[in-house]
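Asks: Let me begin by handing over the structure; questions about it come next.
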Amino acid sequence: MSVSRTLRALGGKGMTPLRVGATPVPHAEILDHVRGRLSAQGIDLRVEIFETYDELNELVAEGKLDANFFQYLPFLDVFNRETRADLVPVVPVHIEPFGLYANRIDCLDAIPDHAEVALPSDPVNVTRALAMLDDLGLIECPVTVDEVATTADVTANPRGLLLKEVSSALLGDLRDDFDVVFLFGNQAMGLGVDTGTALYCDRGNPAYAEYLVAPRWSMGNPGIRALAGALQSESTRDFIRTAYAGQLVVAF
């Protein structure tokens, strides 16, 4: 179960609170950047930071958070379909790289037979990882649009790769335990890993833009509208480009 690490808020008297859940890097940092703009509009942006994303959608669906900022549309679609929730994407903000990393291998061609590969275990991201391995010719695992896959769907594995699905939150800690590990951009940056060192990296794919997400019934909330505007401002565009030195792609 994920645990809120900290709460960042101004607590200004007479201000309207807006509770947003986010993962630390870069989501909470981007939210921190727009805090002053919202404060000037009488909104106290309260950012609750979670080390993992296990509960973030549930907390928004239950009304315990007003919105969250951590996910892309395929992940949100699966959550809504499985829980019958009605969370909606408000605005896209940025796109993070997703890649293959190794501590002892310096290129894809050097991946040995029977290498141990750690993949994220949630349905959306294991599907994305398997599709990447298929595209790179390392396995055969045809994946169609709107379909989820598991390692059981691999139809050919000529190198005999040992594919293991593990909790996404653990991937960053397993780089010494596996030959190859998939890492999300936020994980790599949080660990100080340059995404340019990846064996292969998917960058700038608009299908995986990260969105501010809120309940459909809250779309008229002035705070949500103000936050959406702030996240898609020129100031935020410049912040993303400067603070992350090209490791993130602006999605608006």
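Asks: Figure the gain on full extension for T155 and D113 (residue separation times 0.36 nm, minus the Cα-Cα span) and round it to one decimal in nm.
Replies: This chain segment gains 13.4 nm when fully extended.
Asks: Continuing with this model, one more query. Let me know the charge dipole size of the chain about its Cα centre in debye, to the nearest 20, where only the beta-carbon of Lys, Arg (+1) and Asp, Glu (-1) is charged.
Replies: The dipole of the chain has a size of about 1280 debye.
Asks: Using only helices, what value at 222 nm comes out for the chain when you add -39,500 (n - 2.57) per DSSP H run of length 4 or more and divide by the total residues, to the nearest 500 deg cm²/dmol?
Replies: -7500 deg cm²/dmol
Asks: Moving on. Specify the inter-centroid distance of segment 48-122 and segment 233-252, based on alpha-carbon positions, in whole Å.
Replies: 20 Å
Asks: To test your reading of the geometry: what angle, between 0 and 90 degrees and rounded to tens, separates the Cα axis of helix 222-231 from the longest principal axis of the chain?
Replies: Approximately 50 degrees, to the nearest ten.
Asks: Right, another one. When the chain is modelled as a GNM with alpha-carbon springs shorter than 10 Å, which of C141, C201, C107 fluctuates the most?
Replies: C107
Asks: While we're looking at this one, here's another question. Calculate, for E62 and L162, the FRET efficiency according to 1/(1 + (r/R0)^6) with r their C-beta to C-beta distance and R0 51 Å; round to the nearest 0.05.
Replies: 0.85
Asks: Per Stokes-Einstein, at 10 °C and 1.306 mPa s, what whole-number D in µm² s⁻¹ belongs to segment 117-162, with the Kirkwood radius over Cα pairs as the hydrodynamic radius?
Replies: Rounded to a whole number, D works out at 152 µm²/s.
Asks: A further question follows. Starting from the Kirkwood Rh over alpha-carbon pairs, what translational D in µm² s⁻¹ does segment 98-202 have by Stokes-Einstein at 10 °C and 1.306 mPa s?
Replies: 117 µm²/s
Asks: Please grab the % of Cα pairs in the chain that end up more than 31 Å from each other.
Replies: Here the long-distance tail beyond 31 Å is 26 percent of all Cα pairs in the chain.
Asks: Hey, how many Å between the Cα centroid of segment 127-173 and the Cα centroid of segment 197-232?
Replies: A separation of 26 Å, based on Cα centres.
Asks: Something else now. For every other residue with a beta carbon closer than 11 angstrom to the beta carbon of P26, add +1 if it is Lys or Arg and -1 if Asp or Glu, then tell me the sum.
Replies: Net charge in that neighbourhood comes out at -4.
Asks: Counting other Cβ atoms within 10 Å, which GluC sites (Glu not before Pro) in segment 91-195 have at most 12 and lie in a DSSP loop?
Replies: For GluC sites (Glu not before Pro) across segment 91-195 that sit outside H, G, I, E and B with at most 12 neighbouring Cβ atoms in 10 Å, the list reads E147.
Asks: Springs between alpha-carbon atoms under 10 Å, Gaussian network over the chain: tell me which of V124, V166, V20 tops the mean-square fluctuations.
Replies: Largest GNM mean-square fluctuation: V166.
Values quoted throughout were computed directly from the atomic coordinates according to the rules given, and no laboratory measurement underlies them. Not measured: the values here are computed from a predicted model. Cβ coordinates were reconstructed from backbone atoms using ideal geometry, including for glycine residues, and neighbour counts include every protein chain displayed.
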